[in-house]
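Structure first, then comments.
The values are calculated or read from the model by the stated rules, or taken from the named source; none is laboratory data. All figures in this text were calculated on a predicted structure; none of them were measured in a lab. Note that each Cβ is placed from the backbone with ideal geometry, even for glycine, and that neighbours are counted across all protein chains shown. The accessibility values were calculated without ligands, DNA or RNA, using every heavy atom of the protein model including side chains. Shrake-Rupley method; radii C 1.70, N 1.55, O 1.52, S 1.80 Å.
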Amino acid sequence: MHMFVDETERGGYLLAATVVAPSALHSTRSTMRGLLLPGERRVHFKSEKDSRRKYIVSRLVEKSFEVIALAVPARGEAARAGLLERLAEEAINRGVTRLVLDSRDPAGNGRDRIVLARTKLRDAGLVYEHIQSSAEPALWVSDAVAWCLGAGGDWHRRVAPIVTVLPNNA
């Protein structure tokens, strides 16, 4: 299994992690590339109009993606670190073998590496990497879901069928 992670800091810190079986990687990427408008390099929810957002969410729900959400009311690096540790635990429990994080700046990626080095990822045979979202369409699912959960209200309702919200055990 693969897990693709993006975040939002609206109303706290939230990680959205899309779980994709290796056999579904090609179809996931094809589905997401099929949602690009001419000239777009990626689907980025904060840049989309509401009508496009509704269309994209309907496609995600139709495809029955599985997205795990973890959130805390705090913001910043400490909040992210706690959520990353919890997500690593969840990934190991689910048998994930590859964890892909949306790349941030070099310092942010470095802080993530320090946090993940404290986990049992290596012992579980799980590898992780940071990838630019424009290079990995599966990250776009997590971006869309994170945006919708952060926006709340009707957006939360629209993505609810594909989201599993995990309790924060911190």
Checklist entry - Using θ = phi - 60° and the Karplus curve 6.51 cos²θ - 1.76 cosθ + 1.60, what whole-Hz ³J(HN,Hα) does each residue of segment 107-121 get, with Gly and Pro shown as x? => result 5, x, 4, x, 5, 4, 4, 4, 4, 5, 5, 7, 8, 9, 4
Checklist entry - Of Pro73, Ala21, Tyr55, which is farthest on the positive side of the dipole of the chain, counting Cα position, with +1 on Lys and Arg Cβ, -1 on Asp and Glu Cβ, and the Cα centre as origin? => result Tyr55
Checklist outcome for this item: The percentage of the accessible area of the chain (probe 1.4 Å, all protein chains present) made up of carbon and sulfur atoms, to the nearest whole number, is 51 percent
Checklist entry - Taking segment 52-146, which trypsin sites (Lys or Arg not before Pro) meet the DSSP loop condition and have no more than 15 other C-beta atoms within 10 Å? => result Lys63, Arg75, Arg94, Arg104, Arg118, Lys120, Arg122
Checklist entry - For His44 and Asn109, FRET efficiency with R0 = 22 Å and r from the beta-carbon atoms, rounded to 0.05? => result 0.70
Next on the checklist: Once the cut-off is 15 Å, how many percent of the Cα-Cα pairs in segment 115-170 end up in the long-distance tail?
Outcome noted: 65 percent
Checklist outcome for this item: Which of (1) 45, 36, 30; (2) 45, 34, 25; (3) 42, 34, 30 gives Cα extents along the principal axes in Å as computed here? It is (3)
Checklist entry - In whole percent, what relative contact order does segment 1-58 give with Cα contacts below 8 Å and a gap of six or more residues? => result 22 percent
Item to check | GluC sites (Glu not before Pro) within segment 79-170, DSSP loop, no more than 16 other Cβ atoms inside 10 Å | outcome: none
Next on the checklist: Relative contact order for the chain: what percent, with Cα pairs under 8 Å and sequence separation of 6 or more?
Outcome noted: 38 percent
Checklist entry - Arg98's amide H: which non-local residues (gap 5+, or another chain) put their own amide H closer than 5 Å, with H modeled 1.01 Å from N in plane and none for Pro or chain starts? => result Met3, Val127
Checklist entry - Counting each DSSP H run of 4 or more residues in the chain as -39500 (n - 2.57), what helix-only mean residue ellipticity at 222 nm follows after dividing by all residues, to the nearest 500 deg cm²/dmol? => result -13000 deg cm²/dmol
Next on the checklist: Quick check for you: with a 1.4 Å probe and neighbouring chains kept, what is the accessible area per residue of the chain, in Å²?
Outcome noted: 48 Å²
Checklist entry - When the Karplus curve 6.51 cos²θ - 1.76 cosθ + 1.60 is applied with θ = phi - 60°, which whole-Hz ³J(HN,Hα) does each residue of segment 126-141 get, with x for Gly and Pro? => result 9, 9, 9, 7, 9, 10, 4, 4, 5, 9, 9, x, 5, 5, 5, 4
Item to check | 5 angstrom amide H check on Ser103, placed H, neighbours 5+ away | outcome: Ile131, Gln132, Ser133
Checklist entry - What is the distance, in nm, between label points placed 7 Å from the Cα along the Cα-to-Cβ direction at Leu166 and at Arg94? => result 0.7 nm
Checklist entry - To the nearest 20 debye, what is the magnitude of the charge dipole of segment 1-160 about its Cα centre, counting +1 on the Cβ of each Lys and Arg and -1 on the Cβ of each Asp and Glu? => result 260 debye
